[in-house]
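The values are calculated or read from the model by the stated rules, or taken from the named source; none is laboratory data. Computed from a prediction, not measured in an experiment: that's the story for all the values here. Using ideal geometry, Cβ is built from the backbone for each residue, glycine included, and neighbour counts are taken over all protein chains shown. These accessible areas exclude ligands, DNA and RNA; they are computed on the full protein's heavy atoms, side chains included. Shrake-Rupley method; radii C 1.70, N 1.55, O 1.52, S 1.80 Å.
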Amino acid sequence: MTLPPADSALGKLMATLPRPGRVEWIGVRPARAVRMQSLDEVVAQTGAGLAGDRYKGGSGKRGVTLIQAEHLPVIAALSGREALEPALLRRNIVISGLPLLALKDRRFRVGDALLEWTESCDPCSMMEAALGPGGFNAMRGHGGLCARVLEGGTIRRGDALVPVIDAVAV
């Protein structure tokens, strides 16, 4: 997607967000098929991903995965659950207060780290096992985003997510 010029009417609308996002939950998975570990803070490493996560080490487009907190109750309802824990969805960071779709093709700061949107984080077949029959479809359109780490730094629960409006992913 090519963003409209920043000084155009649409560009100004797309750059205007109601408030910063907030880190609500952080998790890493040290190996395939193991439960995610919930953390209070994590180090994002330039060009790699999150320390302690299985994707760390040159994962490129999928260095960090983020999901919107406001989508968790929707996914729960669509999968026939009253609620669900973020670890089930296998995303690294849960963000509240900001529509993650507004970050498409943009760079953004989370805590001390600078990240760049790379692609949507579509659900995989593992969601059937995690959420039960229909789990894959319950997450469609709600899977969040993948990002690469451009500048490393510490990310903590409660940290802000702030778009870098003038910077566009390439």
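Could you give each residue of the range 27-35 its phi-based ³J(HN,Hα) in whole Hz, using Karplus coefficients 6.51, -1.76, 1.60 with θ = phi - 60°, and x for Gly or Pro?
My calculation for the range 27-35 gives x, 10, 10, x, 8, 4, 6, 10, 5 Hz in order.
In square angstrom, rounded to the nearest 10, how much accessible surface does Met14 have for a 1.4 Å probe?
Here the accessible area works out near 60 Å².
Where only protein heavy atoms count, and the probe is 1.4 Å, what is the accessible area per residue for the range 7-59 in Å²?
The answer is 58 Å² per residue.
Estimate the FRET efficiency between Val164 and Asp112 by the formula 1/(1 + (r/R0)^6), using the beta-carbon distance for r and 22 Å for R0, to the nearest 0.05.
Values: r = 14 Å, r/R0 = 0.62.
The calculated FRET efficiency here is 0.95.
Compare the Cα positions of Ala33, Asn92, Gly141 along the charge dipole of the range 26-170 (+1 at Cβ of Lys, Arg; -1 at Cβ of Asp, Glu; about the Cα centre) and return the one farthest towards the positive end.
Ala33
Return the loop-located trypsin sites (Lys or Arg not before Pro) in the range 12-49 (DSSP other than H, G, I, E, B) with at most 16 other Cβ atoms within 10 Å of their own Cβ; answer none if there are none.
Of the trypsin sites (Lys or Arg not before Pro), the ones in loops of the range 12-49 whose Cβ has at most 16 other Cβ atoms within 10 Å are Arg32, Arg35.
What is the percent carbon and sulfur in the accessible area of the chain, measuring with a 1.4 Å probe over the protein chains and ignoring ligands?
Details: 4410 of 8280 Å².
Carbon and sulfur atoms account for 53 percent of the accessible area of the chain.
Would you mind calculating the gained length between Ala15 and Leu101 on full extension (0.36 nm times residue separation, minus the Cα-Cα distance), in nm to one decimal?
Stretched fully, the Ala15-Leu101 segment lengthens by 29.8 nm.
Taking the chain as a Gaussian network, where each spring joins two C-alpha atoms under 10 Å apart, which residue of Val23, Val34, Val43 fluctuates the most?
Val34
Given a 1.4 Å probe, how much area per residue of the range 64-117 is accessible, in Å²?
For the range 64-117, the per-residue accessible area is 36 Å².
What Kirkwood radius, in Å to one decimal, follows from the Cα pairs of the range 67-170?
So the Kirkwood estimate lands at 14.3 Å.
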